[in-house]
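Scroll down for the structure; my scribbles are underneath it.
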Amino acid sequence: MRLISWNIDSLNAALTSESARAQETRKVLEKIHNLNPDIIAIQETKLRATGPTKKHQTILAEKFPEYDYVWRSSEEPARKGYAGTMFLYKKELNLEASYPVIGAPEPMDSEGRIITLEFPEFFVTEVYTPNSGNGLKRLADRQVWDEKYIEYLQKLDKQKPVLASGDYNCAHTPIDLKHPENNHHSAGFTDEERADFTKLLDAGFTDSFRKVNGNVEGIYSWWAQRVRTAKANNSGWRIDYWLTSDRIADKIKRSEMIDTGARADHCPILLDIDQ
């Protein structure tokens, strides 16, 4: 089974804009399609509360004709056109989708951050974890989110094995970012966020990338758009993950980043796993 996860930084822009960046994003979507994944998890769709427009639906049908999809958007009281998630999955797959509310601080549960697909033998779930924000203004709420999310994954894991993906907004260890010494108090690399990610793994989950690749350095999944040289200098962070229940970790075959060339921000991440 092949699965790909990507924080696309606006599916709306990717499908409808003619900007140079949108064209780069569409090339990455084509690359993802050519890799023929069974499931594609997309974060930060930035779609309206009513979901994909007719134009979006037409373009998705053209670009991904073999796939059905489910989506979840930010809705009041949360901001409009913010966050949001989507799964595309091969039409022949037998699944049920759910849109969990985990009891996070308001309005996080209304920001469209989690979708779960239930299959007969396992779950696939994606998350767009809230960023702690400038000045770490949202760190306390983020820590509550982390606690509730761990509880949610454990609940799934008690029923059947879990594949969990997404933008976790946390570089877990110093080798997961280029300049750990300069970012100790930056959102995504605070002691609190890293400790919570350790708790997540200790709750029964495996970081598939480290399982397959060991402590390789210099491999990242995000490069700041605002820093023009970040991608060229590979000054990045690894904050996107495919996690699996520990008991199926031996089935992981590949876990790697998908190259996006000069395009900064997130790159897609790929997981190959035996069913």
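All of the numbers you see were taken from the coordinates with simple rules; none came from a lab. Please read these numbers as outputs of a predicted model, since none were measured by experiment. Neighbour counts are summed over all protein chains in view; Cβ atoms, including those assigned to glycine, are modelled from backbone coordinates with ideal geometry.
Odds and ends about this structure:
- 3J(HN,Hα) from dihedral phi, the stretch 220-227, Karplus parametrisation 6.51/-1.76/1.60, rounded to Hz, x for glycine, proline: 10, 10, 8, 9, 4, 5, 6, 9
- Taking the Cα centre of the stretch 2-273 as origin and assigning +1 to Lys and Arg Cβ atoms and -1 to Asp and Glu Cβ atoms, the resulting dipole is close to 740 debye.
- Sorted largest first, the spans of the alpha carbon positions of the stretch 2-273 along the three principal axes are 46, 46, 41 Å.
- Sorting 171-177, 12-18 by average packing, meaning the other beta carbons within 10 Å per residue, from highest down gives 171-177, 12-18.
- Note on residue 234/residue 62: beta-carbon distance plugged into 1/(1 + (r/R0)^6) with R0 of 35 Å gives a FRET efficiency of 0.55.
- Helical runs assigned H by DSSP (4 residues or longer) give the chain a calculated mean residue ellipticity at 222 nm of -8000 deg cm²/dmol, each run adding -39500 (n - 2.57) before division by the residue total.
- Backbone amide hydrogens, once placed in the peptide plane, bring residue 112 within less than 5 Å of 75, excluding anything fewer than 5 places away on its chain.
- Per-residue Karplus couplings for the stretch 249-259, computed as 6.51 cos²θ - 1.76 cosθ + 1.60 with θ equal to phi - 60°, are listed in order as 4, 6, 8, 5, 10, 9, 8, 7, 8, 9, 5 Hz, Gly and Pro entered as x.
- Sites residue 20 and residue 250 - FRET efficiency at Förster radius 35 Å, r taken between beta-carbons, to 0.05: 0.20
- Distance (nanometres) between label positions extended 7 Å along Cα→Cβ at residue 101 and residue 227: 3.9 nm
- Using the Cβ of residue 15 as centre and a radius below 9 Å, the other residues enclosed give a net charge of +3, where K and R count +1 and D and E count -1.
- Length added when fully stretched, residue 137-residue 203, from 0.36 nm per residue minus Cα-Cα: 21.1 nm
- Mean separation of Cα contacts under 8 Å (6+ apart) over length of the chain, as relative contact order %: 18 percent
- Here's how it looks for residue 190: its modeled amide H is under 5 Å from none belonging to a residue 5 or more places away or on a different chain.
- Antiparallel bridges, percent of DSSP beta bridges restricted to the chain (to nearest 5): 80 percent
- Cross-link reach is defined here as a Cα-Cα straight distance under 13 Å, omitting same-chain residues fewer than 8 places apart; for residue 27 the aspartates and glutamates meeting it are 18, 259.
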